[in-house]
1. If I filter the range 31-52 down to residues being under 16 Å from the mean Cα position of the chain (by Cα) and in a helix (DSSP H, G or I), which single residue comes out as nearest to the ligand (Cβ to nearest atom)?
2. Please work out if residue 61 is surrounded by 13 or more Cβ atoms within 10 Å (Cβ to Cβ), among the aliphatic types (A, V, I, L, M), within 9 Å of the ligand (Cβ to nearest atom) and in a helix (DSSP H, G or I).
3. Could you please find all residues in the range 67-104 being among the polar types (S, T, N, Q), in a helix (DSSP H, G or I) and more than 15 Å from the ligand (Cβ to nearest atom)?
4. Among the residues of the range 3-22, is there at least one that is surrounded by 14 or more Cβ atoms within 10 Å (Cβ to Cβ), modelled with pLDDT of 95 or more and hydroxyl-bearing (Ser, Thr, Tyr)?
5. Name the residue that is farthest from the ligand (Cβ to nearest atom), counting only residues in the range 105-116 that are surrounded by fewer than 24 Cβ atoms within 10 Å (Cβ to Cβ) and either outside any helix (DSSP H, G or I) or of a type in the set (S, T, N, Q) (or both).
6. Checking residue 55 against (1) within 9 Å of the ligand (Cβ to nearest atom); (2) within 15 Å of the chain's Cα centre (by Cα): exactly one of these is not met. Which one?
7. Is it true that residue 123 is more than 9 Å from the ligand (Cβ to nearest atom) and in contact (Cβ under 8 Å) with a residue 60 or more places away in the chain?
8. For the range 1-30, give me each residue that is closer than 17 Å to residue 120 by Cβ and assigned to a helix (DSSP H, G or I).
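The values are calculated or read from the model by the stated rules, or taken from the named source; none is laboratory data. Nothing here was measured: the structure is a model prediction, and the numbers come from that model. Please note: Cβ atoms are built from the backbone with ideal geometry, for glycine as well, and neighbour counts cover all protein chains shown.
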Amino acid sequence: MEITLAVLKPHVCRNTYALQQIKALISSNFNILEAKEVRITKELSERFYAEHKGKFFYNRLTTFMHSGPCYALILQSEACIQKWRHLMGPTKVFRAVYSEPDCIRALYGLSDTRNACHGSDSEASALREIAILFPEFKINKTCEQT
Ligand code: CMP
């Protein structure tokens with residue numbers, strides 16, 4: 001089975017109702033291998049979003065991600081990466097609202113930066129991002145194949 005990294009962004013973590021709803025949705029769709037509240041430092045956030053360095057939103061995004069605690073989870077299921085990305089919906093909130101009004105970003109996103117949640121976009125990204133936020137987590141073959 002596949003694994004992925006999910007991150008609930010700071011404004012969601014400040015909203016008890018949103019946090020509860022999203023956690024319930026996650027529990028009913030995935031095995032949760034790890035979950036923790038995490039304070040992402042500016043340095044960690046810059047490493048995490050390194051591929052976006054130089055883009056106009058990079059500073060805004062990395063500053064926002066360390067503005068308060070996030071909630072990070074390692075999820076496991078069949079086709080986990082796509083499944084979580086589908087539940088999140090489009091990156092841009094205005095697109096989410098118009099095309100998939102029930103997705104997480106349409107319901108809880110506030111802007112393209114504060115778009116409620118993050119999900120890895122590939123297996124390679126999942127491994128890289130998990131290593132950043134869960135350095136103690138050992139990815140073994142049983143975890144990916146069970
Ligand atoms: P996320 O899934 O965390 O991964 C990269 C993030 O970059 C994305 O969600 C958005 O928050 C942010 N992002 C991508 N495109 C834009 C944009 N055009 N304007 C502002 N933020 C963006």
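1. 52
2. Values: surrounded by 13 or more Cβ atoms within 10 Å (Cβ to Cβ): yes; among the aliphatic types (A, V, I, L, M): yes; within 9 Å of the ligand (Cβ to nearest atom): yes; in a helix (DSSP H, G or I): yes.
For residue 61, the condition - surrounded by 13 or more Cβ atoms within 10 Å (Cβ to Cβ), among the aliphatic types (A, V, I, L, M), within 9 Å of the ligand (Cβ to nearest atom) and in a helix (DSSP H, G or I) - is met.
3. Restricting attention to the range 67-104, the residues satisfying the condition of being among the polar types (S, T, N, Q) are 67, 76-77, 82, 91, 99.
Remaining after also requiring in a helix (DSSP H, G or I): 82, 99.
Residue satisfying the conditions is 99 alone.
4. Taking the range 3-22 and keeping what is surrounded by 14 or more Cβ atoms within 10 Å (Cβ to Cβ), we get 3-13, 15, 18-19, 21-22.
Still in the list and also modelled with pLDDT of 95 or more: 3-13, 15, 18-19, 21-22.
Keeping just the survivors that are hydroxyl-bearing (Ser, Thr, Tyr) gives 4.
Within the range 3-22 (the criterion being surrounded by 14 or more Cβ atoms within 10 Å (Cβ to Cβ), modelled with pLDDT of 95 or more and hydroxyl-bearing (Ser, Thr, Tyr)), the answer is yes, since at least one residue qualifies.
5. It comes out as 110.
6. Checking residue 55 against (1) within 9 Å of the ligand (Cβ to nearest atom); (2) within 15 Å of the chain's Cα centre (by Cα), the one that fails is (2).
7. Answer is yes for this residue.
8. Our first condition is that a residue be closer than 17 Å to residue 120 by Cβ; within the range 1-30, this holds for 1-9, 22, 26, 29-30.
Of everything in the range 1-30, those that are closer than 17 Å to residue 120 by Cβ and assigned to a helix (DSSP H, G or I) turn out to be 22, 26, 29.
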